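Notes follow once the structure below has been shown.
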Amino acid sequence: MHWTALNRVGYVLSYFLPIFAGTGFVLGLIPFGKLGKTLGDLSRSIAPSPSTGLTLEPDAVPPILWAWLPVTVAFLIRFATWKSQTSSVFDTHRSVGRIERFFGPLYGQTSGLLDSRWITDRFLFTGPMLFLIACALAALLRYKLTAPRKPQVEKETGSGPI
């Protein structure tokens, strides 16, 4: 019962990036911090211990919102320094197929784009970058939607002594 004509390796190589980005988005929607705090509270209620957990500052930025930055910098360096095996010194672009190499499906790759580093570029640079960006976007969305609403304080417009 096959719903695709691709073999397993071809399927993974073609659809790895969208699946990886979607997985990152779904994992970003899960509140792991709150789940951990709840499990810790539950375990302390069952078996009290004298240890105390770390407390975060109320305005601290969660690390997941910054996790994408170093991976994206590494990707951008690799993306900018890559050049095709079929490019020429007279070629003004020197990067024919750059977008297809890093983001395109397997069937969109040409022989000039597939080399020994294609798998490394796809699985070590592009995939983790897309995963962490999608995860950070989902976490940011979750924080914005579940943040407690602070009541707005009305400004007084009375005239006071001068």
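The values are calculated or read from the model by the stated rules, or taken from the named source; none is laboratory data. Here the structure is a predicted model, which is why all the values come from computation and not from measurement. All Cβ positions, even for glycine, are placed from backbone atoms using ideal geometry, and neighbour counts span all protein chains on display. Side chains are part of the model used for accessible areas, which takes the heavy atoms of the whole protein and leaves out ligands, DNA and RNA. Shrake-Rupley method; radii C 1.70, N 1.55, O 1.52, S 1.80 Å.
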### Query
Using a basic spin-label model with each label point 7 Å from the Cα along Cα→Cβ, how many nm lie between residue 38 and residue 23?
2.4 nm
### Task
Could you run the Karplus curve 6.51 cos²θ - 1.76 cosθ + 1.60 with θ = phi - 60° over the range 133-139 and give me ³J(HN,Hα) per residue in whole Hz, x for Gly and Pro?
5, 5, 5, 5, 5, 5, 5
#### Entry: Vicinal HN-Hα couplings computed from phi for the range 25-41 (Karplus, 6.51 cos²θ - 1.76 cosθ + 1.60; Hz; Gly/Pro x)
5, 5, 5, x, 7, 7, x, 4, x, 5, 5, x, 5, 5, 5, x, 5
### Message
Please list, ordered by chain and number, the residues whose modelled amide H lies under 5 Å from the amide H of residue 67; skip anything fewer than 5 residues away on the same chain.
### Response
none
### Task
With a 1.4 Å probe and every protein chain left in place, tell me how much accessible area residue 103 has, in Å² to the nearest 10.
80 Å²
